[in-house]
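Peer 1: I have a structure here, written as structure tokens, and I will follow up with some questions on it.
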Amino acid sequence: MDKKRKLAAAGAGALAVAVALGIASTADAAASTLGAAAAEQGRYFGTAVAAYKLSDSVYTGILDREFTMVTPENEMKWDATEPSQGSFSYGSADQIVSRAQSKNQRMRGHALAWHSQQPGWVQNLSGTALRNAMVNHVTQVATHYQGKIYAWDVVNEAFADGGGGGRRDSNLQRTGNDWIEVAFRTARAADPGAKLCYNDYNTDGQNAKSNAVYAMVQDFKSRGVPIDCVGFQSHFNSASPVPSDYQANLQRFANLGVDVQITELDIEGSGSTQAENFRKVTQACLNVTRCTGITVWGIRDSDSWRASGTPLLFDGNGNKKAAYTSTLAALGGGSPTSNPPVSSSSSAPPSSQPPIPSGGCTATVSVNQWQGGFVATVRVTAGASGTNAWAVTLPLPSGATVTNSWSTTRSGNTWSNVSYNGRIAAGQYTEFGFQATGTAGTLSPTCAAS
């Protein structure tokens, strides 16, 4: 853990054939990757990335092909971004962010405030001096990446292990029990468009630790403290297996009105047992509507902080493992006949599903507005025939200027799918978003599909 982003107008003759073949080819390719299959389910599939490995062509080949979300392993932690007080260093993190943007991948920021991997000068502070340093650090780093981060792990691993269910004794905790709330409020002020998450380990099932986190989230929601999501690290092995109430635990947090995300998934093992465990975790996420995505903590087994346990989806040579196949199948990718049934220990998805639109697709938009700017998230839902490609018409009000977008290409007022999210099954959805200056006003998107 401590080593721990065309609509093609119908033409005639050869042009129409070429367009049709192109769309079919894109859809077929999309269905065969983790990120694309997850996007068809309205979710992301991500991985943790180390900047120094970006020169490895096998590593980056898998990264570019399979993943739609990127988390820096260590490059955004306090020791990396503020090695001396007031002097910030973003080079390695910027490298990861810039590369992800160029590949149409989104970013999870990890992590703003944590008791571990602090620079020496932080470890020598206490009390008000440490609190002020934390507030400044969160402000500076979140501001530097404003508009480039989908979700921040604002606070990481603040609760103690064991049966007590209390806060971890750390230098940050000793500044006052409100330090987590202060970190979240500070992060919201610095980057109003990012989702703000609390992230921890050994909280995957209901136990004293997860109950304590649950109580904190419940309290934050009741008092208006800005928290949007909870991250479950999900590091599993034979001594700490996937709990039987994993899905139920995700669901109870989602019921509080926050998204849940699997943020650092790795499962030690091999063969069919490991494959089944990855399938089980993936299916649990799919069964919880507000489980918005999965991130595995590394690409190949050899890249893992637990390399001896071979805990990832690709072996040391970059070959797909049985766990990869089972995960892709659970997401609905690969061969349709290879998708295994949900085991009897998994709860069935909710029986009441929203009606499937009768048209080609529909689009709805949600807005997070602040003084001088806003973030819009647009949900594209496929109609009864599904989609191979889609385009959303979304005029912006006068004075609004787009500064950043993700999971879409834009031409004027038209926002179209990218390679991995054009194909949507009937009744399913994908999302794209953008950040803009100005005021959103009333946004009225319309959708067309092919």
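Peer 1: Within segment 407-424, can you find the residues that are within 21 Å of the chain's Cα centre (by Cα) and open to solvent by 50 Å² or more (accessible area, probe 1.4 Å)?
Peer 2: Thr409, Ser419, Arg423 - these are the residues of segment 407-424 that are within 21 Å of the chain's Cα centre (by Cα) and open to solvent by 50 Å² or more (accessible area, probe 1.4 Å).
Peer 1: Using the structure shown, decide if Thr295 is part of a strand (DSSP E or B) and hydroxyl-bearing (Ser, Thr, Tyr).
Peer 2: Yes.
Here is a yes/no grid of residues against (1) open to solvent by less than 50 Å² (accessible area, probe 1.4 Å); (2) among the hydroxyl-bearing types (Ser, Thr, Tyr):
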{"site": "Ile96", "(1), (2)": "yes, no"}
{"site": "His110", "(1), (2)": "yes, no"}
{"site": "Ser116", "(1), (2)": "yes, yes"}
{"site": "Val122", "(1), (2)": "yes, no"}
{"site": "Ser126", "(1), (2)": "no, yes"}
{"site": "Leu130", "(1), (2)": "yes, no"}
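Peer 1: Could I ask something else about it? Looking at (1) of a type outside the set (Val, Ile, Thr); (2) over 24 Å from Leu34 (Cβ atoms); (3) modelled with pLDDT under 90, can you tell me which one Ser338 breaks?
Peer 2: (2)
Peer 1: I've got another one for you. If I filter segment 200-212 for residues that are open to solvent by 10 Å² or more (accessible area, probe 1.4 Å), part of a helix (DSSP H, G or I) and in contact with a Phe, Trp or Tyr (Cβ under 8 Å, 6 or more places away or on another chain), do I get at least one hit?
Peer 2: yes
Peer 1: Right, here's the next one. Which one is modelled with the lowest pLDDT among residues in segment 158-193 that are farther than 19 Å from Ser126 by Cα and of a type in the set (Asp, Glu)?
Peer 2: So the residue we want is Asp161.
Peer 1: Tell me which residues, restricted to segment 37-59, are of a type outside the set (A, V, I, L, M, F, W, C) and either open to solvent by less than 10 Å² (accessible area, probe 1.4 Å) or at negative phi (or both).
Peer 2: Residues satisfying the conditions are Glu40, Gln41, Arg43, Tyr44, Gly46, Thr47, Tyr52, Lys53, Ser55, Asp56, Ser57, Tyr59.
Peer 1: While we're on this one: Here is a list of conditions, (1) modelled with pLDDT of 75 or more; (2) surrounded by fewer than 17 Cβ atoms within 10 Å (Cβ to Cβ); (3) in contact with a strand residue (DSSP E or B) (Cβ under 7 Å, 6 or more places away or on another chain), and Ala384 meets all of them except one; can you say which number that is?
Peer 2: The failed condition is (3).
Peer 1: Now for a different question. Would you check if Arg290 is more than 19 Å from Tyr44 (Cα to Cα), surrounded by fewer than 21 Cβ atoms within 10 Å (Cβ to Cβ) and among the basic types (Lys, Arg)?
Peer 2: No.
Peer 1: For a quick check of your reading: which helices (runs of 4 or more DSSP H) sit entirely within segment 65-179 and have at least 2 residues that are more than 25 Å from the chain's Cα centre (by Cα)?
Peer 2: Of the helices (runs of 4 or more DSSP H) lying wholly inside segment 65-179, those with at least 2 residues that are more than 25 Å from the chain's Cα centre (by Cα) span 120-123, 127-144.
Peer 1: Give me the residue from segment 228-256 that is open to solvent by less than 30 Å² (accessible area, probe 1.4 Å) and assigned to a loop (DSSP other than H, G, I, E, B) and, out of that set, farthest from Tyr198 (Cα to Cα).
Peer 2: Here the answer is Val242.
Peer 1: Among (1) outside any helix (DSSP H, G or I); (2) open to solvent by less than 20 Å² (accessible area, probe 1.4 Å); (3) out of contact with any Cys (no Cβ under 7 Å at 6 or more places or on another chain), which single condition is Val260 missing?
Peer 2: (3)
Peer 1: Does Thr175 satisfy the condition of being polar (S, T, N, Q), crowded, with 18+ Cβ neighbours inside 10 Å and more than 27 Å from Arg99 (Cα to Cα)?
Peer 2: It is true that Thr175 is polar (S, T, N, Q), crowded, with 18+ Cβ neighbours inside 10 Å and more than 27 Å from Arg99 (Cα to Cα).
Peer 1: Checking Ser25 against (1) modelled with pLDDT of 90 or more; (2) of a type in the set (Ser, Thr, Tyr); (3) exposed (fewer than 14 other Cβ atoms within 10 Å of the Cβ), which single condition isn't satisfied?
Peer 2: Only one criterion in (1) modelled with pLDDT of 90 or more; (2) of a type in the set (Ser, Thr, Tyr); (3) exposed (fewer than 14 other Cβ atoms within 10 Å of the Cβ) is unmet by Ser25, namely (1).
The values are calculated or read from the model by the stated rules, or taken from the named source; none is laboratory data. Quantities reported herein were computed from a predicted structural model and do not represent experimental measurements. Quick reminder, even Gly has a Cβ in these numbers, built from the backbone with ideal geometry, and neighbours come from all protein chains shown. Heavy atoms of the whole protein, side chains included, go into the accessibility calculation; ligands, DNA and RNA do not. Shrake-Rupley method; radii C 1.70, N 1.55, O 1.52, S 1.80 Å.
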